[in-house]
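What follows is one structure encoded as structure tokens, with my remarks underneath.
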Amino acid sequence: MRGGSAHYDADDPMTKKLAARLSAVVPSATLAINARAQELRAKGVDVISFGAGEPDFDTPENVREAGRRAIAEGKTRYTPVSGIPELRKLIAETSTALRGVAARAENVTVTVGAKGALFNLALALFEEGDEVVIPTPCWVSYPEQVRLAGATPVFVPSTLEAGWKVAPAALAAALTARTKAVVLCSPSNPTGAAYTEAELRALADVLRPHDCWIVTDEIYGALVYDGFVQRSILAVAPDLVDRTVVIDGASKTYAMTGWRVGWSIAPAPLAKAMDTIQGQGATSTATFCQWAALEALRSPPTELARMRALFEERRDRLVAGLRALPGVRCGVPEGAFYAFPDVSAWLGKRTPMDQELRDDADIAAWLLDATHVAVVPGSAFCAPGHLRLSYAVSVKSIDEALRRIAGAVDTLV
Ligand SMILES: Cc1ncc(COP(=O)(O)O)c(C=O)c1O
């Protein structure tokens with residue numbers, strides 16, 4: 001039919017026939033805030049967005065060139081499901097050097113971003129009746145992927161006072177005979193907290209007697225500050241290698257979010273299972289992107305060092321500014337590019353428009369409207385009363401945003 005009467009209808013009764021698994025899942029809150037900020041920007045509003053979970057830096061030129069070259073050379077057909085052999089081999093070698101546990105190419109699956117790796121993992125491992133232990137605050141997609149797979153997330157809260165690190169005793173208390181996996185993220189999204197070697201040892205001691213998988217998301221591992229020594233739980237507990245899965249990728253380390261290249265490093269039987277899932281879902285990530293990621297991994301760490309230094313400067317500026325705001329408490333994150341202030345002191349206050357700030361979602365919406373500063377409510381990360389600010393913005397914008405927020409907070413009664 002051309003033009004005419006047929007159209008897509010949001011209220012179509014067929015939407016009622018969606019799979020039941022969707023009823024437990026919420027769309028990504030971070031993407032929603034970004035969309036709203038972009039909407040305002042499109043209207044010409046000067047929005048400062050702390051919403052994005054991605055570096056504001058460009059992908060390094062040599063990496064972009066490698067992508068262009070791959071296309072020019074006709075590297076535009078399917079690759080093996082688990083990725084091009086050159087990249088898998090280099091990821092395995094890099095992981096062996098970094099984590100001290102010998103990985104081979106067969107342990108590596110190159111995926112559609114690290115999110116794709118986690119999705120393969122969820123479908124390969126989790127099912128109804130399984131519990132997956134997730135320390136909170138946590139990245140939004142962990143619980144949703146667990147639910148999509150039919151399993152149940154079990155949250156273990158941590159506190160700002162404890163540096164946003166899960167206490168070994170709290171972790172121990174959450175483990176049951178149903179625990180299929182524990183998901184660790186260090187440095188963390190949304191708090192930036194990273195576990196020291198001693199802290200990882202203590203967690204490994206809790207996990208050792210339990211027959212569960214350990215998922216260690218190390219996507220922010222290269223972004224740590226103040227000389228923090230980043231360690232993997234795999235490095236401190238190599239005896240647990242047969243049930244540990246490393247999740248990592250190119251997105252954050254090489255400013256390659258849009259290229260969609262991540263990877264998992266897993267014991268061979270699980271790697272094979274995840275390949276099966278990927279083979280029936282994505283097939284692989286894009287061919288030229290894999291060649292670009294290979295170039296990224298081969299590059300000297302100059303660009304990374306530059307990016308890290310800038311992030312560190314911004315972190316210091318932002319955290320100091322947030323702490324100077326009335327009622328705000330904020331830790332100093334060891335890594336990633338997020339600050340996670342406690343703004344619960346603003347709850348119950350009223351804006352000049354006489355709106356009550358009832359929760360962190362109200363606070364985020366008010367900040368966007370009143371100051372055109374976009375932040376993500378902490379409740380999206382299972383931590384109500386907080387905000388997540390991604391410092392993937394310039395120091396100048398950080399200063400301006402802090403000035404705007406300070407002015408707005410002054411108007412609250
Ligand atoms: C903790 C964490 N893991 C995984 C991902 C997924 O990254 P990718 O872009 O490689 O899919 C993100 C992205 O925000 C993240 O914050």
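The values are calculated or read from the model by the stated rules, or taken from the named source; none is laboratory data. Here the structure is a predicted model, which is why all the values come from computation and not from measurement. All Cβ positions, even for glycine, are placed from backbone atoms using ideal geometry, and neighbour counts span all protein chains on display. Ligands, DNA and RNA are excluded from the accessible area calculation, which covers all protein heavy atoms including side chains. Shrake-Rupley method; radii C 1.70, N 1.55, O 1.52, S 1.80 Å.
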Could you rank the peptides 133-143, 181-191, 66-76, 157-167 by their average count of other C-beta atoms within 10 Å per residue, with the highest value first?
181-191, 133-143, 157-167, 66-76
Largest fluctuation, SER49, SER299, SER23 only, Gaussian network model of the chain with Cα springs under 10 angstrom, belongs to SER23
For an R0 of 45 angstrom, estimate the FRET efficiency from the Cβ-Cβ distance between SER394 and ALA24 and round to the nearest 0.05.
0.70
For the range 66-138, what are Rg and Dmax over the alpha carbons, in angstrom?
16.1, 49
Length released on extending from ARG298 to ALA170, taking residue separation times 0.36 nm less the Cα-Cα span:
42.0 nm
Spatial separation of Cα centroids for the range 335-413 and the range 167-195, in angstrom:
27 Å
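Provide the gained length on full extension for the span THR76 to GLN38, in nm with one decimal, where the gain is 0.36 nm per separating residue minus the Cα-Cα distance. Present the calculation step by step, with values, prior to reporting the outcome.
Working: separation 38, 0.36 × 38 = 13.68 nm, distance 3.20 nm.
In short, 10.5 nm is gained.
Counting helices only, and only those DSSP H runs with n ≥ 4, report the 222 nm mean residue ellipticity of the chain as the sum of -39,500 (n - 2.57) divided by its residues, in deg cm²/dmol to the nearest 500.
Values: 13 runs with 159 residues, N = 413.
The helix contribution divided over the chain gives -12000 deg cm²/dmol.
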The FRET efficiency for ARG208 and ARG178, from their Cβ-Cβ distance with R0 = 22 Å and rounded to 0.05, is 0.75
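For a quick check of your reading of the filter: which chymotrypsin sites (Phe, Trp or Tyr not before Pro) in the range 41-135 sit in a DSSP loop and have no more than 10 other Cβ atoms within 10 Å? Show your work: numbers first, answer last.
Details: sites: PHE50, PHE57, TYR78, PHE119, PHE126; in loops: PHE50, PHE57, TYR78, PHE126.
Answer in residue order: TYR78.
Can you list the trypsin sites (Lys or Arg not before Pro) in the range 312-413 that are in a DSSP coil and have 11 or fewer other beta carbons within 10 angstrom? Each step should come with its number before you reach the end.
Working: sites: ARG314, ARG315, ARG317, ARG323, ARG329, LYS349, ARG350, ARG358, ARG388, LYS396, ARG403, ARG404; in loops: LYS349, ARG358.
Passing both the DSSP loop test and the Cβ count: ARG358.
What length, rounded to one decimal in nm, is gained on full extension from ARG69 through to THR276, with 0.36 nm per residue of separation minus their alpha-carbon distance? Present the calculation step by step, with values, prior to reporting the outcome.
Numbers: separation 207, 0.36 × 207 = 74.52 nm, distance 2.99 nm.
This chain segment gains 71.5 nm when fully extended.
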Along Cα→Cβ, 7 Å out, is where each label goes; now give me the distance between the ones at ARG104 and THR159 in nm to one decimal.
4.8 nm
Cα gyration tensor category, rounded, prolate or oblate, for the range 102-196 with a/c compared to 1.5:
oblate
How far apart, in nm, are two points set 7 Å out from the Cα along the Cα-to-Cβ line at ALA324 and at ARG403?
1.2 nm
Accessible area per residue in Å² at 1.4 Å probe, computed on the chain:
45 Å²
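In the range 32-127, carbon and sulfur make up what percent of the accessible area (probe 1.4 Å)?
Numbers: 2570 of 4870 Å².
Ligands and nucleic acids excluded, carbon and sulfur reach 53 percent.
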Radius of gyration, Dmax [the range 55-97; alpha carbons; angstrom]
13.0, 33
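Considering only DSSP beta bridges whose two residues both sit in the chain, what percent are antiparallel, to the nearest 5? Write out the running numbers ahead of the final one.
Working: 17 of 38 bridges.
Rounded to the nearest five, the antiparallel share is 45 percent.
Considering only protein heavy atoms and a 1.4 Å probe, what is the carbon-and-sulfur percentage of the accessible area of the range 194-270?
On the way: 1380 of 2550 Å².
Solvent-exposed carbon and sulfur of the range 194-270 make up 54 percent of the total.
Evaluate Rg over Rh across the chain, taking Cα atoms for both radii and Kirkwood's formula for Rh.
Working: Rg = 21.8 Å, Rh = 22.4 Å.
Expressed as Rg/Rh, it is 0.97.
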Computed FRET efficiency, Cβ-Cβ of ASP362 and THR411, R0 22 Å: what is it to the nearest 0.05?
0.90
